[in-house]
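Chemist: Structure provided below as structure tokens; questions to follow.
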Amino acid sequence: MRQASAMTRSTPFSYACGRCSRCCRHKGIALNPYEALRLARHEGLTTTEFLARFTDRAGTQLKQRADGACVFLGAEGCGVHADRPLVCRIYPLGRHISPEDVETFSELEPHPQTEGRYGTQGTVGDYLEAQGAEPFIRAANRYLNLFRELADSLAEQVARLAAPEREAVKGNFVRPTDDAAPDSAWLDIDRTVDEYCRERGLEKPVDAERLLELHVEALSAWSRHLTEENAS
Ligand code: SF4
């Protein structure tokens, strides 16, 4: 039975996957750069190679096969289980963050023939822990905060423009399309961190968590630089 109201980490909840793999078909699996990094390393690739081979929508979504199956769905189920993205880990829950940073969860609409079994023998928090969700939640929070910082910086820069220039800037924003090439360099952790480390004479770390931190640091520095440059 799906719960109608917003759930928290202490809400009673349990879910046992029936391995029917129906949730791995016809779903747009969104990726942030950290998730792309985890999957890239699982495949023995750089993020640059991974984004080009396995993603659509300018590197923000996993590719699907012609029959709608996720590109990583195999005969035995998920082929990247240990490094699967957050939305796959916490399914059938969705996670939401309000503008005030309040975290809630909701139950997603299940596939009509799902073989998963719902229950209340635990809590949402127990389920997240069992799915190894915390590093992915930390990364999602880091990128959300960075996104807010970038949005504020952009709004500040646009506000300084004269009216005609402001309209021209708005006209330049485009949504990624299905056939867009993964050319958003800032989504590419290896490319961004390689450059950041080279410029500062730093040794590039191997650890995924450290790469995440450097990626956020690099983008944040870039945002501050742009703001300062446009203010001068
Ligand atoms: S990454 Fe794995 S769990 Fe997620 S949709 Fe693809 S096959 Fe399913």
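Chemist: Out of the residues in the range 54-79 meeting the condition of being farther than 17 Å from ALA40 by Cα and in contact with a Lys or Arg (Cβ under 8 Å, 6 or more places away or on another chain), tell me which one is farthest from the ligand (Cβ to nearest atom).
Modeler: Among those that are farther than 17 Å from ALA40 by Cα and in contact with a Lys or Arg (Cβ under 8 Å, 6 or more places away or on another chain), it is ASP67.
Chemist: Give the residues of the range 183-226 that are assigned to a loop (DSSP other than H, G, I, E, B) and on the phi < 0 side of the Ramachandran plot, sorted by residue number.
Modeler: If the condition is that a residue be assigned to a loop (DSSP other than H, G, I, E, B) and on the phi < 0 side of the Ramachandran plot, then ASP183, SER184, ASP188, LEU202, GLU203, LYS204, PRO205, VAL206, ASP207 are the ones that fit.
Chemist: Let me ask something additional. For the range 33-50, give me each residue that is open to solvent by less than 20 Å² (accessible area, probe 1.4 Å) and small (Gly, Ala, Ser).
Modeler: ALA36, ALA40
Chemist: Continuing with the same structure: How do the pairs read when you match residues in the range 67-92 that are more than 20 Å from LEU128 (Cβ to Cβ) with residues anywhere that are part of a helix (DSSP H, G or I), using Cβ under 7 Å and keeping only pairs 6 or more apart or on different chains?
Modeler: Taking only residues 6 or more apart or on different chains, the pairs are ALA69/CYS24; CYS70/CYS24; VAL71/PHE54; LEU73/CYS24.
Chemist: Just to check your reading of the model, which residue among GLU49, GLU35 is more than 11 Å from the ligand (Cβ to nearest atom), within 24 Å of ALA218 (Cα to Cα) and part of a helix (DSSP H, G or I)?
Modeler: GLU49
Chemist: Then there is this: Take the residues in the range 133-191 that are among the hydroxyl-bearing types (Ser, Thr, Tyr) and either surrounded by 12 or more Cβ atoms within 10 Å (Cβ to Cβ) or at pLDDT 80 or above (or both); name whichever of them is farthest from LEU202 (Cα to Cα).
Modeler: Looking at residues that are among the hydroxyl-bearing types (Ser, Thr, Tyr) and either surrounded by 12 or more Cβ atoms within 10 Å (Cβ to Cβ) or at pLDDT 80 or above (or both), I get SER153.
Chemist: Kindly provide the set of residues from the range 93-104 that are farther than 19 Å from ASN32 by Cα and crowded, with 16+ Cβ neighbours inside 10 Å, ordered by number.
Modeler: Listed by number, the list holds a single entry, THR104.
Chemist: Of the conditions (1) surrounded by fewer than 14 Cβ atoms within 10 Å (Cβ to Cβ); (2) of a type outside the set (Val, Ile, Thr); (3) more than 11 Å from the ligand (Cβ to nearest atom); (4) not in a strand (DSSP E or B), ALA82 satisfies every one except a single condition; which number is it?
Modeler: (3)
Chemist: To continue, here is another question. Please find, within the range 67-79, the residue that is surrounded by the fewest Cβ atoms within 10 Å (Cβ to Cβ) out of those that are assigned to a loop (DSSP other than H, G, I, E, B) and of a type outside the set (D, E, K, R).
Modeler: ALA75
Chemist: Filter the range 21-32 down to the residues that are open to solvent by less than 50 Å² (accessible area, probe 1.4 Å) and farther than 18 Å from ALA218 by Cβ and list them by number.
Modeler: The answer is SER21, CYS23, CYS24, ILE29, LEU31.
Chemist: Of all residues in the range 54-66, how many are in contact with a Pro (Cβ under 9 Å, 6 or more places away or on another chain), free of Cβ contacts under 8 Å to residues at least 40 places away in the same chain and open to solvent by 20 Å² or more (accessible area, probe 1.4 Å)?
Modeler: 1
Chemist: Now for a different question. Can you tell me how many residues in the range 55-94 are modelled with pLDDT of 95 or more and of a type in the set (Asp, Glu)?
Modeler: Number of matching residues: 2.
Chemist: State all residues of the range 192-207 that are closer than 22 Å to ALA58 by Cβ and open to solvent by less than 60 Å² (accessible area, probe 1.4 Å); if no residue qualifies, say none.
Modeler: Listed by number, the residues that qualify are THR192, VAL193, TYR196.
The values are calculated or read from the model by the stated rules, or taken from the named source; none is laboratory data. Bear in mind the structure is a predicted one, so any value in this text is a computation, not a measurement. All Cβ positions, even for glycine, are placed from backbone atoms using ideal geometry, and neighbour counts span all protein chains on display. To get the accessible areas, we keep the full protein, side chains included, count just its heavy atoms, and leave off ligands, DNA and RNA. Shrake-Rupley method; radii C 1.70, N 1.55, O 1.52, S 1.80 Å.
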